[in-house]
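K.L.:
Attaching a single structure in structure tokens format; questions to follow.
The values are calculated or read from the model by the stated rules, or taken from the named source; none is laboratory data. What you see is a predicted model, and the numbers here were worked out from it, not measured in a lab. When we count neighbours, we look across all protein chains shown, and the Cβ atoms used for this are built from the backbone with ideal geometry, even at glycine.
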Amino acid sequence: MRFMQGRYGMDQFGRFIAAAALFCALLSMFLRHNLFYWIALALIAYSYFRMFSRNISKRYAENVAFQKQWNKFMGKFNKQKNLWSQRRYYHIYTCPGCRQKIRIPKGKGKIEVRCPKCGETFIRKS
Ligand SMILES: [Zn+2]
């Protein structure tokens with residue numbers, strides 16, 4: 001307990017680094033590649049360095065920056081996932097006039113699509 005006093009400890013970024021280290025360690029085992037072994041070791045060393053660091057404000061700032069990136073990544077990922085689930089029922093066309101994405105239900109045959117943004121019409125098979 002006393003050892004950890006005034007030291008930073010674990011946070012989301014630290015857990016992410018530890019998970020990445022584990023992933024690299026597994027990769028090095030499966031691929032029998034030393035590179036991933038050294039990356040795993042470096043990541044573990046870095047996560048310990050952060051845990052025992054006394055520069056708490058700097059580590060805190062790192063974690064905030066990480067969370068920002070992580071949320072951005074997850075937002076993009078969820079958007080992509082959403083798009084994929086919509087592709088089962090909809091075609092997504094891009095307006096030739098203004099690049100606006102337009103969602104059209106599938107299975108309606110040849111239809112005229114009117115862009116809601118710029119008013120351009122074009123024929124597409126749905
Ligand atoms: Zn348009």
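K.L.:
Among the residues of the range 79-96, are any in contact (Cβ under 8 Å) with a residue 12 or more places away in the chain, in a loop (DSSP other than H, G, I, E, B) and within 16 Å of the ligand (Cβ to nearest atom)?
P.N.:
Within the range 79-96, one or more residues are in contact (Cβ under 8 Å) with a residue 12 or more places away in the chain, in a loop (DSSP other than H, G, I, E, B) and within 16 Å of the ligand (Cβ to nearest atom).
K.L.:
Then there's this: Can you tell me how many residues in the range 10-45 are surrounded by fewer than 16 Cβ atoms within 10 Å (Cβ to Cβ) and either touching a helix residue (DSSP H, G or I) at 6+ places or on another chain (Cβ under 6 Å) or at negative phi (or both)?
P.N.:
Residues meeting the conditions: 17.
K.L.:
Would you pick out the residues in the range 6-52 that are at pLDDT 95 or above and of a type in the set (Lys, Arg)?
P.N.:
ARG15, ARG50 - these are the residues of the range 6-52 that are at pLDDT 95 or above and of a type in the set (Lys, Arg).
K.L.:
What are the residue pairs meeting all of these: first residue in the range 32-45, first residue of a type in the set (S, T, N, Q), second residue in a helix (DSSP H, G or I), Cβ atoms under 9 Å, and 6 or more apart or on different chains?
P.N.:
ASN34/SER28
K.L.:
Out of ARG50, ARG59, report the one residue that is assigned to a helix (DSSP H, G or I), under 18 Å from GLY9 (Cα atoms) and touching a Ser or Thr at 6+ places or on another chain (Cβ under 7 Å). Break it down stepwise before answering.
P.N.:
On the way: ARG50 fails: touching a Ser or Thr at 6+ places or on another chain (Cβ under 7 Å).
Unique residue meeting the criteria: ARG59.
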